[in-house]
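Since the structure comes first, as structure tokens, the remarks are kept for the end.
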Amino acid sequence: MSDCIDALITANIKAALQTVTPAKGYNTDCGTVEEKRSLFQMPDDNKPFTMLEKLPHDPENDYQYSQDDQLKYMIYYFNQQDDLANNAQPLQYTDRNVAADFQKALMVDRTRGGYAQNTTIQTHAQGMYLSADENIAIPCTWMIVIVDRQINADNPYELA
């Protein structure tokens, strides 16, 4: 059996982010792209790292998960550079094109492979990623992506 519509949309976003490399005409190398796990773990190799997190539904804006729905994603980009080091470039310089490159890649197909009606970027910024227990604080560039999709309210494997 195929994945549900939400899982297909998530896979499409991940695939779009994986295209963000200088070889494909972008300024940014997205490095490894993974969905958020229960515990935050940077990859062992010293590459950039992109993390995709699907945010929970907002019950006030999505009454009983109706078929007209939005999915929200948080995308974090870690270049694994400590911009506090004396010889380091500031994050504002090293990551100045990340949000634009991610937006460009995501907007190639706003329908997420035909499973959604639209994709928009709600906001983006540079800041610190804090783990749930606040033991990890890592500089990053982040963005919130909104995907409008309509699924069958009785069967999340079917479009409405």
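We did not get these values from a lab; they are worked out from the coordinates using the rules stated. What you are looking at is a predicted structure, and each value in this text was computed from that prediction instead of being measured. Neighbour counts are summed over all protein chains in view; Cβ atoms, including those assigned to glycine, are modelled from backbone coordinates with ideal geometry.
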Would you please state the base-10 log of I(q)/I(0) at q = 0.19, 0.21, 0.25 1/Å for the stretch 103-157, with intensities from the Debye formula using one equal scatterer on every alpha carbon?
-0.78, -0.82, -0.93
Rank the residues L55, L91 as a footprinting-exposure proxy: fewest other Cβ atoms within 10 Å of their Cβ go first.
L55, L91
Going down the table (K24/K47; K72/K104; K36/K104; K24/K54; K47/K72), which pairs top 20 Å between alpha carbons?
K36/K104; K24/K54; K47/K72
In what sequence do H57, H124 fall when counting other Cβ within 10 Å, fewest first?
H57, H124
